[in-house]
1. Using alpha carbon centroids, what distance separates segment B:10-52 and segment A:14-64, in Å?
2. Give the shape of segment A:50-153 as rounded, prolate or oblate, defined through the alpha-carbon gyration tensor: a ≥ b ≥ c are the square roots of its eigenvalues, a/c under 1.5 means rounded, and otherwise the shape is prolate if a/b is larger than b/c and oblate if not.
3. How large is ³J(HN,Hα), in whole Hz, for each residue of segment A:64-76 in order, when computed from phi with the Karplus curve 6.51 cos²θ - 1.76 cosθ + 1.60 and θ = phi - 60°, using x for Gly and Pro?
4. Which residues make up the longest stretch of chain B clear of trypsin sites (Lys or Arg not before Pro) that lie in a DSSP loop with no more than 13 other Cβ atoms within 10 Å, not counting the sites?
5. Tell me which lysines have Cα within less than 19 Å of A:Lys79's Cα, excluding those fewer than 8 residues away on the same chain?
6. Dipole magnitude of the protein assembly as shown about its Cα centre, charges +1 at Lys/Arg Cβ and -1 at Asp/Glu Cβ only, in debye to the nearest 20?
7. Pick out, in residue order, every one of the GluC sites (Glu not before Pro) in segment B:1-106 that is DSSP loop and has at most 12 other C-beta atoms within 10 Å; say none if there are none.
8. Could you tell me which of rounded, prolate or oblate describes segment B:37-118, using a ≥ b ≥ c as the square roots of the eigenvalues of the alpha-carbon gyration tensor, with rounded for a/c under 1.5 and, failing that, prolate when a/b is larger than b/c and oblate otherwise?
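Readers should treat all values here as calculations from the given coordinates under stated rules, not as data from a laboratory. Treat the numbers as computed from the prediction; the structure is a model and nothing was measured. Neighbour counts run over all protein chains shown; Cβ positions are idealised from the backbone, glycine included.
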Amino acid sequence: MAKFGKKKKGMPAVNTAALPDIVFMLLFFFMVTTVMRETELKILTPKLPSADQVKKLEKKSLVSYIYVGKAKDGTPGDKIQLNDRISSIDEIRSFIYAERAQRSEAEIPLLTTSIKADSESSVGTITDIKLELRDVNALKVNYSTVKGSAMDNIK
Amino acid sequence: MARRDTPEINAGSMADIAFLLLIFFLVTTTMDTDMGISRKLPEKQDPNIKPPVLKEKNVFEVNVNRNDEILVEGDTYMQIDELKEAAIKFIDNGGGTAADLQKEGLTPCTWCEGDKDPESSDHPKKAVISLQSDRGTSYKMYIAVQNELVAAYTELRNRYAEKKYGRLFDQLSSSQQQEITKNIYPQIISEAEPRT
């Protein structure tokens with residue numbers, strides 16, 4: 001009888017000695033996979049169109065990004081963001097030159113420009129960007145999309 | 001003096017520290033994978049050089065207007081979901097005769113399964129898709145059209161790869177892929193400058 005009485009005294013504490021190990025494991029996972037957002041968006045985050053014929057961008061270090069979308073304060077028209085500020089079309093030239101200056105000579109032909117444009121922006125803006133890119137011979141472009149059916153765009 | 005054990009460091013708060021760091025990385029992490037439709041822009045043309053003249057039957061004209069309506073070959077209104085079929089039909093036509101193609105150094109398209117319509121494209125290598133959009137076209141429509149045109153090529157390439165090698169295009173070796181993209185079904189999509 002006395003034996004049973006003793007048991008009732010309290011549950012044994014769960015051994016938490018391995019807890020730090022578990023947490024560290026998770027921590028390392030997130031540390032390794034994390035990508036810090038290098039640019040802060042000054043425009044509304046573009047809602048990318050969807051497409052299914054997509055290719056993954058492999059070398060992240062060889063990609064420069066151009067964001068196109070609506071202004072945060074609601075002014076009409078498409079705004080272009082290069083690096084961390086809203087820019088005009090003519091600044092794309094110097095942006096590409098600056099991107100090239102950071103890379104070695106051999107990598108320059110491999111540079112890709114990723115256009116992250118909102119699905120509501122107009123083709124005219126995109127064309128202006130493309131013409132500028134063509135003028136500076138930055139010919140590889142990637143229209144950033146999310147994976148999905150292209151028909152989703154129309155609905 | 002008797003050697004005393006060094007007192008153990010209290011590791012009880014280790015988990016707290018680790019949690020703090022973990023939460024920091026959880027919040028800052030962005031796991032977006034970058035993907036999209038890859039295109040190569042045409043090189044800048046010398047204005048003095050005249051572009052080569054293309055036969056009209058070898059050009060598949062796609063017009064997208066500012067109301068996001070698609071006009072194909074100048075006379076057919078089309079919905080976006082019909083575009084892929086029409087593009088495949090055009091590319092895969094292979095209507096050129098041996099004598100005609102000989103002059104261009106090509107052999108007739110034996111792998112084409114199209115109608116061999118003499119009024120449509122001669123050969124996949126000669127078939128050009130011309131995409132004309134308006135400045136007012138919405139970007140999502142533009143992407144959808146591009147996507148459908150690329151999908152047409154993907155489907156044809158997959159069909160050829162499946163037949164010849166028994167595998168999908170993506171699973172082929174790079175030399176086999178190059179053979180297909182160069183000689184069998186090269187992707188020729190030309191973008192005209194948009195009208196204002």
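1. Segment B:10-52 and segment A:14-64 have Cα centres spaced 8 Å from each other.
2. Oblate, because a/c is 1.5 or more while a/b does not exceed b/c.
3. 10, 10, 10, 9, 10, x, 7, 6, 5, 8, x, 5, x
4. Segment B:56-166 is the longest.
5. Excluding near neighbours in sequence, the set is A:Lys42, A:Lys47, A:Lys70, A:Lys116, A:Lys130, B:Lys140.
6. Approximately 1980 debye in magnitude.
7. Sites meeting the loop and neighbour criteria: B:Glu8, B:Glu43, B:Glu104.
8. oblate
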